[in-house]
1. Set Lys and Arg Cβ to +1 and Asp and Glu Cβ to -1, take the dipole of the chain about its Cα centre, and tell me which of PHE271, MET1, THR305 lies farthest positive.
2. Give, in nm to one decimal, the length gained when the segment between VAL22 and LEU76 is fully stretched (0.36 nm per residue of separation minus the Cα-Cα distance).
3. Any idea how far apart ASP214 and ARG123 come out in nm if each label point goes 7 Å out from Cα toward Cβ?
4. Mind pulling the angle between the C-alpha long axis of helix 184-194 and the longest principal axis of the chain? Nearest 10 degrees, somewhere in 0 to 90.
5. If you average over every viewing direction, what projected area does the convex hull of the Cα atoms of segment 1-108 give, in nm²?
6. What does the charge count around VAL170 come to, taking other residues whose C-beta lies under 10 Å from its C-beta (Lys +1, Arg +1, Asp -1, Glu -1)?
7. Using modelled amide H (1.01 Å from N, peptide plane; none on Pro or chain starts), what sits under 5 Å from the amide H of ASP156, excluding residues fewer than 5 places away?
8. How far is helix 101-116 tilted, in degrees, relative to the longest principal axis of the Cα atoms in the chain, given as a value from 0 to 90 rounded to the nearest 10?
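The values are calculated or read from the model by the stated rules, or taken from the named source; none is laboratory data. Keep in mind the model is a prediction, meaning the values are calculated, not measured. Backbone-built Cβ (ideal geometry, glycine too); neighbour counts: all protein chains shown. Accessible surface is based on the protein model in full, side chains and every heavy atom, while ligands, DNA and RNA are left aside. Shrake-Rupley method; radii C 1.70, N 1.55, O 1.52, S 1.80 Å.
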Amino acid sequence: MRTEAQAQPNIALIKYWGKRDVELNLPAVSSLSVTLDSLWTKMSVEFSAELPADELVVNTAVGGDMLPRVSECLDLVAGTERPRASVISECNFPIAAGLASSASAFAALVVAASRAAGFEKDRLSLARMAGAASGSAARSLFGGFVELLANEEKIDVRSIADAEAWPLTVVIAVTAAGAKPVSSGEAMIRSAESSPFYSRWVGQQAMDIATARDAVLDKDFGKLAAVSEHNCLKMHSVMWASRPPIVYWNSATLACMEVVRQLQSDGHAVFFTIDAGPQLKAVCLPDAADVVRSALDDCSGVERTMVSGLGAGARLLESK
Ligand code: PMV
């Protein structure tokens, strides 16, 4: 029987950047994210003794690049003695472009695969398996505002507020939809090895997390905006100072930042964040969403914008 699950990407406001343990994929710093609702990945899995090898299809094309990571993740879920699997993935937004497609993909994969293998696993166990494949994927098992903790022997993740508790809107400005030049995993290792700012970054993270958590619980938009932009720019400063430097931005990324600054000085409740890619995510109060989207649509170099509210964690869909 083919089993299907859906998960949405999440956007970190306080970033995960750096690994405490590369083998176990344990984060060096805690992070805090929001799970989106209108961007999604659907993954369906069928185990079959007839198959000679795992198969992966991504948006109707044979998805060679991701196959080894998918197979490894399936081993974690169903054991290395498992039958081979046919995995079909469908994603409604650009893949490997700094839009957290691996987070939604692995979150959906562990949910679909564990059901297909006949297991009933709790959400935290599923999050641990997804997080072993892609650190940020652990957060997509949960909805709303989610923390991934660094102070544990194992991946630990928890929801701090539901999506409904504070319905923010995220406008994504896509400035280049191609795959990123350096994977986030490789870039994190390079940052830890060569950036003179890395240890300061790690040292200050608990403070930023505490500030952001308070801001979420108090629904204090100004406070969340200030700490999120600071944390994002600090992460990119760590990357820029790495050797060789890691620069994910392009000129349109900077132009989008200027647009957000202008919107802020015009009194709109919006702030930006940027991940391992050139896209800018503008987080705003729902009232500001239309003006933010139209300003980013008009920004030179923006290919397209997407809008999303906050949503739920990964879940099973009706079996096919
Ligand atoms: O989970 P990974 O390996 O794709 O790393 C995610 C890194 C950032 O997106 C830049 C930050 C984050 O916390 O999501």
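1. Looking along the dipole axis, the top candidate is PHE271.
2. 17.8 nm
3. Output for this residue pair reads 2.7 nm.
4. The answer is roughly 60 degrees.
5. Mean projected area for segment 1-108: 7.5 nm², to one decimal.
6. Here the count lands on 0.
7. For ASP156, whose amide H was placed from the backbone, the distant partners under 5 Å are LEU149.
8. The helix 101-116 is inclined about 30 degrees to the chain.
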